[in-house]
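Here is the structure we will look at.
FYI, it's all coordinate maths here, none of it is from the lab. Keep in mind it's a predicted model, so treat the numbers as computed, not measured. Cβ placement follows ideal geometry from the backbone for every residue including glycine, while neighbour counts extend to all protein chains displayed.
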Amino acid sequence: MDISVVIPLYNESPSLRDLFSALKAHLESLGKSYEIIFVDDGSTDDSFSVLEDLCDRYPDIQAVRLRRNSGKTAALLAGFAEAKGEIIVTIDGDLQDSPSEIPLLMGKLEEGYDLVSGWKFERQDPFLRRIASKIFNQAVSFFSGVPIHDFNCGLKAFRRHVLPELVLYGEMHRFIPALAGWRGFRIGEIKVKHFPRKYGSSKFGPERYWKGFLDFLTVVVLLTYIRRPLHLFGGLGMLIGVAGLGINIYLSIGWIYGRWIGNRPLLILGVLLMLIGIQMVFFGLLAEMMNFLSGRGTGPPISQILRKK
């Protein structure tokens with residue numbers, strides 16, 4: 001199988017037939033074998049009934065149904081588990097991304113990239129969402145070192161060998177390019193069209209912002225300190241401990257000159273900061289021991305090995 005298209009969806013029944021027709025037309029124009037995998041993330045409308053009808057009529061469609069709404073990352077993982085193609089393409093089920101961009105993604109992959117992400121250059125979203133997205137993308141690009149503009153675009157294409165090295169859980173789908181870049185894969189980007197919603201409304205509410213922020217903190221720690229946790233915990237611990245030590249030295253000097261410090265809240269703060277600092281250093285050492293005993297998590301990002309025959 002050359003291409004597997006994975007489509008996570010939730011309550012998108014009006015758009016599914018249009019999406020399939022467009023996908024079929026553009027995939028056939030590539031002249032490659034393909035499969036289309038729809039993943040119904042616990043929809044409460046008749047989305048799966050539409051998928052059952054499409055599966056009965058067309059042999060190149062698969063449909064996966066999750067028992068409950070588990071989130072986009074879980075839906076993608078379910079689709080990846082079924083995918084057999086050498087190239088994996090992801091696209092959302094809401095028709096805001098066009099299947100006509102898939103040949104362009106494939107062409108960019110042929111330039112030697114391992115993963116190509118779409119860039120919604122002119123987003124058809126509310127103003128506040130565009131601003132929040134821009135801040136998010138710039139922050140992720142800065143901390144990950146992956147110089148692309150749109151990490152959360154649902155339209156992506158990547159080679160199959162990328163898949164085993166992507167550790168996805170929670171809502172990590174937003175960071176697939178960053179995680180792949182951390183593993184040493186070549187990441188590309190192309191501008192893609194973004195269309196207003198044709199049917200229904202967005203399934204993401206305001207909670208996506210604080211969830212995204214927490215996931216961002218997780219990814220920053222994973223990308224930066226996964227192999228050296230003592231640098232994180234030890235660094236913070238030393239900073240906090242030195243602050244506490246400075247407070248206590250200041251109070252000790254005052255005590256030498258006859259000032260009573262036993263009833264000053266600052267003394268409690270200084271002692272507390274020193275204890276917290278020491279604890280954080282020990283947390284870092286424990287994390288290093290766990291890293292060592294577990295084989296340091298994932299192996300090195302080997303690209304290829306050449307040996308003399």
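What the table shows:
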| quantity | calculated |
| --- | --- |
| Footprinting exposure proxy for Met274, Met289 (fewest neighbouring C-beta atoms within 10 Å first) | Met289, Met274 |
| Segment 106-168-segment 38-84 distance, computed between alpha-carbon centres (Å) | 23 Å |
| Among [x] 90, 60, 35; [y] 54, 49, 35; [z] 57, 48, 38, the entry derived from the coordinates for Cα extents along the principal axes in Å | [x] |
| For a label point 7 Å along the Cα-to-beta-carbon line of Leu293, residues of segment 221-237 with backbone N under 18 Å | 227-230 |
| Estimated distance in nm for a label pair at Arg130 and Met1, the labels positioned 7 Å out from Cα along Cα-to-Cβ | 3.8 nm |
| FRET E, pair Glu165, Trp260, Förster distance 41 Å, beta-carbon r, rounded to 0.05 | 0.10 |
| Straight-distance crosslink candidates among lysines, where the alpha carbon sits under 30 Å from Lys198 and sequence neighbours closer than 8 are dropped | Lys24, Lys32, Lys72, Lys108, Lys120, Lys134, Lys156, Lys211 |
| Residue-averaged 222 nm ellipticity for the chain, from DSSP H runs of 4+ at -39500 (n - 2.57), nearest 500 | -16000 deg cm²/dmol |
| Additional length obtainable on full extension of the chain from Asp46 to Gln138, 0.36 nm per residue less Cα span | 29.3 nm |
